[in-house]
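A quick write-up on the structure given underneath.
The values are calculated or read from the model by the stated rules, or taken from the named source; none is laboratory data. Nothing here was measured: the structure is a model prediction, and the numbers come from that model. For neighbour counting, all protein chains shown are included, and Cβ atoms are generated from backbone atoms with ideal geometry for every residue, glycine included. Side chains are part of the model used for accessible areas, which takes the heavy atoms of the whole protein and leaves out ligands, DNA and RNA. Shrake-Rupley method; radii C 1.70, N 1.55, O 1.52, S 1.80 Å.
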Amino acid sequence: MAEFIPVDPFDIVIFGGTGDLSKRKLIPALFHRFLDGQIDKTCRIVGVARSKLSQSDFAELAKVACQAATSEWSEAAWEKFASLLEYIAMDITKAGKDWDVLKGYLTNDGRPQIFYLATTPLIYVDVCKTLGDVGLNTPNARLVLEKPIGTDLESARAINEGVGAVFDERAIYRIDHYLGKETVQNLIVLRFANALFEPVWSRNAIDHVQITVAEDIGLEGRADYYDRSGAVRDMIQNHLLQLLCLTAMEPPNSLDADDVRTEKIKVLKALKPYTAETVGQNSVKAQYEAGLVHGEKVSSYLDTLSAEDAQSETETFAALKVSIENGRWAGVPFYLRTGKRMEARRSSIMIQFKPTPHPLFNSADRVPNRLVMRLQPDEGMRLFMQIKEPGPGGMRLKYLPLDLSYAENFTVRYPDAYERLLMDVVRGNLALFMSRDEVEAAWRWVDQLLASWEESEQALETYAAGSQGPMQSAIMLDRDGREWWEQ
Ligand code: BG6
């Protein structure tokens, strides 16, 4: 069973408290931590938004959200949790009397006061300025910023500077919820708590790496945001690059935030930039057309947009061949791929090792070892190996995984990524959050990719909804004599 160590009492203010993220993730995450006894009953959870809701309207909205995210419902437990909730309707970009009401909800006993910006990033700087004006940027304050931090390097810098003018960098928690996923953290444990892997974790033994984050869902009511963003800004700039960093980074000196971040930034700075000349061979962008997802008809991306956006060239899929220019990884491609409306929700990191150097067995049996870390669904790890098929019928080999499935080995409900990350904010542990430099280094590289696409007028390919993506993505690997890992 998992052990939940209680955290110290804290107050949290969720700006955008009635929004999608708050309802789907944040309030249920706090509820689950409360159910496991990790959150103290003196904590205050304050929802803030523009909607003129009463306290009981807000409690009802929170209840519906928690019920949707909880399998075993207890009305008694809910009542206790509901007593932690407060709500206030106000304009958070301007100082005024409402802030006094908000302050009145907060406990002034030196506990962490967490301000969670689950709003559009366009107002991050204004809200922080106001927090400063009304004196809420105290030494106990912690600011949590959701992605996207900007839409390019310039806008990310502007946000970081504006926010940094009010809060110290050590009080700023930039969330990438992929870093809160169990398998992602397990990647750190696997690499650095097992002596087995470090000697083979480099160009000496690894042929290539694949990172796939495939989604079967479409725009989920976020067309407005997504159409201005696309797969590269929405997924690669943050989630996939973070997975790449953890896979590729050098062993950090310690698990402290500074040490881990230092190693991740080195990887980001070693990513080979694309140019208009190289981008065509090393990337694919595509948009989905109508198709069948799990047997259900879905319309094309363009048909889900409003009429005025119907000519959109936004990519809903991207596949990249990435080179890391350092001694450990020279010549080892990292293939990244993400897309909406693909065949299934499937995310994994696949490390493919080099084949054995000498062909002792049939060449058909020379299948390389693969280590597959599955993020979702069925979190776990599998190390694919060759073994002898039992029996006297000669030397026949079988390719099978050593299987470490979480579901079979741990009888726990895995806390959602947000549950872990919120508790880390309370504990003041910055290791799983992105630093300003990381966000900016990631944007610098992504900006070059997007500019190269534009300069070279890279074609937007298409793929049927419910497929594995466009043919060109398979061709990109085929050119290198490789294939995408589809299991
Ligand atoms: C978000 C993206 O950051 O991550 C979404 O904005 C995406 O477009 C989501 O659907 C995927 O997260 P998860 O945890 O469901 O894989």
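Quick one: accessible area per residue over the stretch 218-377, 1.4 Å probe, rounded to a whole number of Å²?
Details: 6930 Å² over 160 residues.
Result: 43 Å² of accessible area for each residue.
Placing +1 on the Cβ of each Lys and Arg and -1 on the Cβ of each Asp and Glu in the chain, which of 425, 371, 361 has its Cα farthest towards the positive end of the resulting dipole?
Value computed over the given set: 361.
So for the chain: antiparallel DSSP bridges make up what percent, rounded to the nearest 5?
Working: 43 of 78 bridges.
The antiparallel proportion sits near 55 percent.
Tell me the Rg and the Dmax, in Å, that the Cα atoms of the stretch 1-153 produce.
Radius of gyration, then largest Cα-Cα span, for the stretch 1-153: 15.4, 48 Å.
Show that you can apply the helix-only estimate: for the chain, add -39,500 (n - 2.57) for every DSSP H stretch of four or more residues, divide by all residues, and state [θ] at 222 nm to the nearest 500.
Here the helix-only value at 222 nm equals -9000 deg cm²/dmol.
Over all pairs of distinct alpha carbons, what does the Kirkwood formula give as the hydrodynamic radius of the stretch 117-172, in Å?
It works out to 11.3 Å.
Using the charge dipole of the chain (Lys, Arg: +1 at Cβ; Asp, Glu: -1 at Cβ; taken about the Cα centre), state which of 136, 468, 166 has its Cα farthest towards the positive end.
Looking along the dipole axis, the top candidate is 468.
Full extension from residue 400 to residue 297: what is 0.36 nm times the residue separation minus their Cα-Cα distance, to one decimal in nm? Can you show the working numbers first?
Working: separation 103, 0.36 × 103 = 37.08 nm, distance 3.54 nm.
Contour length minus Cα-Cα distance gives 33.5 nm.
Please compute the per residue accessible area over the stretch 31-135 with all protein chains in place, 1.4 Å probe, rounded to a whole number of Å².
Values: 5000 Å² over 105 residues.
Accessible area per residue, the stretch 31-135: 48 Å².
Could you work out what % of the accessible surface of the stretch 325-430 is carbon and sulfur, using a 1.4 angstrom probe and leaving DNA, RNA and ligands out of the count? Don't jump to the answer; show the numbers that get you there.
Values: 3010 of 5390 Å².
Here it works out to 56 percent.
Under 14 Å Cα-Cα from residue 97, which aspartates and glutamates qualify once same-chain neighbours fewer than 8 residues away are excluded?
Result set, ordered by chain and number: 133.
Averaging over every viewing direction, what projected area does the convex hull of the Cα atoms of the chain cover, in nm²?
Values: hull surface 102.2 nm².
So the mean shadow area of the Cα hull is 25.5 nm².
Under a crude label model (7 Å from the Cα following the beta-carbon direction), how far is residue 462 from residue 258 in nanometres?
It works out to 5.5 nm between the two label points.
Between their Cα atoms, which of 272/354; 41/340; 147/264; 25/272 are more than 29 Å away from each other? Before the final figure, lay out each step's value.
Details: 272/354 23 Å; 41/340 40 Å; 147/264 18 Å; 25/272 35 Å.
Beyond 29 Å: 41/340; 25/272.
Given all pairs of different Cα atoms, what value in angstroms does the Kirkwood hydrodynamic radius of the stretch 157-213 take? The partial results should precede the final answer.
Numbers: mean 1/r = 0.0675 Å⁻¹.
Result for the stretch 157-213 stands at 14.8 Å.
Could you tell me which residue out of 248, 45, 323 lies farthest along the dipole of the chain toward its positive end? Charges go on the beta carbon: Lys and Arg +1, Asp and Glu -1, centred on the Cα centre.
248
In nm, give the distance between the simple-model label positions of residue 197 and residue 345, each being 7 Å from the Cα along the Cα-to-Cβ direction.
Output for this residue pair reads 2.5 nm.
If I model a spin label as a point 7 Å beyond the Cα along the Cα-Cβ vector, how far apart are those points for residue 250 and residue 361 in nm?
Output for this residue pair reads 3.7 nm.
If the cut-off is 16 Å between C-alpha atoms, which lysines fall inside it for residue 94, apart from same-chain ones fewer than 8 positions away?
Here the lysines satisfying the reach criterion relative to residue 94 are 103, 129.
I want to verify the translational diffusion coefficient of the stretch 330-375 in µm²/s; compute it with Stokes-Einstein, Rh as the Kirkwood radius over Cα pairs, at 4 °C and 1.567 mPa s.
Numbers: Rh = 13.4 Å.
Approximately 97 µm²/s, per Stokes-Einstein.
Please work out the Cα center distance from the stretch 99-156 to the stretch 208-229, rounded to the nearest Å.
27
Any chance you could list P(r) for the stretch 26-102, counting all Cα-Cα pairs in 10 angstrom bins from zero, rounded to whole %?
It works out to 18, 48, 26, 8, 0, in whole percents.
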